[in-house]
Amino acid sequence: MSISGDTTGRLSFTVIDGNIAAWGSTEARVREAFTYWLGAGPAMELARPLRGATHAVGSLGGRPDIIITNDQGVEGRCLLDDARPTPVPLPQDYFENHAQGRVAGLRIEREGGLGREALSAITNIRPRDVTFTVADDLSLAIGSSPADANAFALGGPGFATLEDRRNTPIVVPYVVALAIHNGATGGTVDLKVDGRRGHLHRADYGVTVQWTR
Amino acid sequence: MFTVAERRAISDELAEAAERWLTRHRLAEEVDGRWLELVCEDGEVFTPNTVMLHLAVPPCDVSPGDSVDVGRTQTVAELWPRVDAPPDEVPRQLALARTFVHRDDLWVGSCELPGPVQELFTVEHPDAMLSVMNATRRTLAKAQ
């Protein structure tokens, strides 16, 4: 996980899993731009001073490590990890003006999310790619391939496709399928893919996921 | 912070857990399958003649709050292992100890974590930061 700040007042977190990256950001006062990498597990040491605090300061420590201290003097530390290449976000108009091949899109906006059975259907496909398809009746099929006869079907409403194209399979990596399920539980999820790249945005926490095939 | 512990109470499991912690955090390394080198604050290499953790856990008779002179007076903050400590717990203060002093039969480890060297950011809504940090991490979590 990386933690980075920019002087426009954003503090961002980036997590990378192979060719898949996820990032989210929050407001902060940042003195000068920085990026540091932390182990995703050890980074949770930084969570302790954030809970229930009204104010927190993040500093670079001398070990070297990141130190977060809250208004009550509670401190969390995490050693820095080796730096990695930072993924570059796709241009905002990528799918409109730079897409490679046909673009397919899916919006999920369903009260309560996709539910436990859908999660079970996804995890049964692990670790293979997962295919999402909106059918003519606006139900969502979750399967291991476009031709999966045993695909799990979830009734609508709550599913919309780009240009209302139905029966168009959207294939995503397993981890992204989990992210879709996770994000749909808290709010709207927007997914777009082309021949090479994919982009997912979960509105609940403003987290974006991006990957290449 | 300052930590003193009793050797007699330490199990092999606990010592091994502490060694793993030290190695993972690059504070020490295994040498000849048995020794650990500890890099001191001043840059010198501290090379005990047995496993460092055994040196750091002597028989001693101090209690939290006692003042101990280790070249300067420090207050004992924690004894290790605690009576109710989980078997694999390694106190940060001991694992991070950078300086060991031998006095009579007492080895004591002192630990002063380096303080901040540069302020990076300030957040007025720490809960929001925590939520985004957790959500970002969990978005790519495979184990659900």
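For segment A:138-147, the condition of being in contact with an Asp or Glu (Cβ under 6 Å, 6 or more places away or on another chain) and in a loop (DSSP other than H, G, I, E, B) holds for none of the residues. Among the residues in segment A:52-71, are any open to solvent by 10 Å² or more (accessible area, probe 1.4 Å), charged (D, E, K, R) and touching a helix residue (DSSP H, G or I) at 6+ places or on another chain (Cβ under 8 Å)? The answer is no, given that none of the residues of segment A:52-71 is open to solvent by 10 Å² or more (accessible area, probe 1.4 Å), charged (D, E, K, R) and touching a helix residue (DSSP H, G or I) at 6+ places or on another chain (Cβ under 8 Å). Within segment A:77-92, residues that are of a type outside the set (Ser, Thr, Tyr) reach partners that are open to solvent by 90 Å² or more (accessible area, probe 1.4 Å) with beta carbons closer than 7 Å, at six or more positions or on different chains, in the pairs A:Pro91/A:His98. Within segment A:57-72, if we keep just the residues that are facing chain B (nearest Cβ under 8 Å) and under 25 Å from the mean Cα position of the chain (by Cα), the residue that is modelled with the lowest pLDDT turns out to be A:Ile66. Determine whether A:Ile20 is at the interface with chain B (Cβ under 10 Å from one of its Cβ atoms), within 27 Å of A:Val134 (Cβ to Cβ) and in contact with a Pro (Cβ under 8 Å, 6 or more places away or on another chain). In short, yes.
Only residues that are at the interface with another protein chain (Cβ under 9 Å from one of its Cβ atoms) and more than 14 Å from A:Thr86 (Cβ to Cβ) were counted across segment A:1-17, and they come to 2.
Could you tell me whether any residue of segment A:123-136 is part of a loop (DSSP other than H, G, I, E, B), open to solvent by less than 40 Å² (accessible area, probe 1.4 Å) and closer than 20 Å to A:Glu109 by Cβ?
Initial filter on segment A:123-136 (part of a loop (DSSP other than H, G, I, E, B)): A:126-129, A:135-136.
Checking the rest, the ones that are also open to solvent by less than 40 Å² (accessible area, probe 1.4 Å) come to A:135.
The next check asks that each one be closer than 20 Å to A:Glu109 by Cβ; those that pass are A:135.
Yes, segment A:123-136 has at least one match.
Look at segment B:118-135: where a residue is over 20 Å from A:Ala40 (Cβ atoms) and a partner is surrounded by fewer than 21 Cβ atoms within 10 Å (Cβ to Cβ), sitting 6+ places away or on another chain with Cβ atoms under 6 Å, you get B:Gln118/A:Leu60; B:Glu119/A:Ser59; B:Thr122/A:Arg29; B:Thr122/A:Val57. Can we say A:Leu38 is in contact with a Cys (Cβ under 6 Å, 6 or more places away or on another chain) and surrounded by 15 or more Cβ atoms within 10 Å (Cβ to Cβ)? So A:Leu38 passes the test. Would you mind telling me which numbered condition in (1) facing chain B (nearest Cβ under 8 Å); (2) within 23 Å of B:Thr139 (Cα to Cα); (3) crowded, with 19+ Cβ neighbours inside 10 Å; (4) not hydroxyl-bearing (Ser, Thr, Tyr) A:Ala47 fails? Of (1) facing chain B (nearest Cβ under 8 Å); (2) within 23 Å of B:Thr139 (Cα to Cα); (3) crowded, with 19+ Cβ neighbours inside 10 Å; (4) not hydroxyl-bearing (Ser, Thr, Tyr), only one is false for A:Ala47: (3).
Looking only at segment A:78-121, residues that are out of contact with any Leu (no Cβ under 9 Å at 6 or more places or on another chain), open to solvent by 50 Å² or more (accessible area, probe 1.4 Å) and in a loop (DSSP other than H, G, I, E, B) come to 16 in all. Checking A:Glu32, A:Glu75 one by one, the residue that is open to solvent by 20 Å² or more (accessible area, probe 1.4 Å), farther than 14 Å from A:Leu11 by Cα and more than 8 Å from chain B (Cβ to nearest Cβ) is A:Glu75 and no other.
The values are calculated or read from the model by the stated rules, or taken from the named source; none is laboratory data. What you see is a predicted model; the values in this text were computed from it and never measured. Neighbour counts run over all protein chains shown; Cβ positions are idealised from the backbone, glycine included. For accessibility, only protein heavy atoms count, side chains too; no ligands or nucleic acids. Shrake-Rupley method; radii C 1.70, N 1.55, O 1.52, S 1.80 Å.
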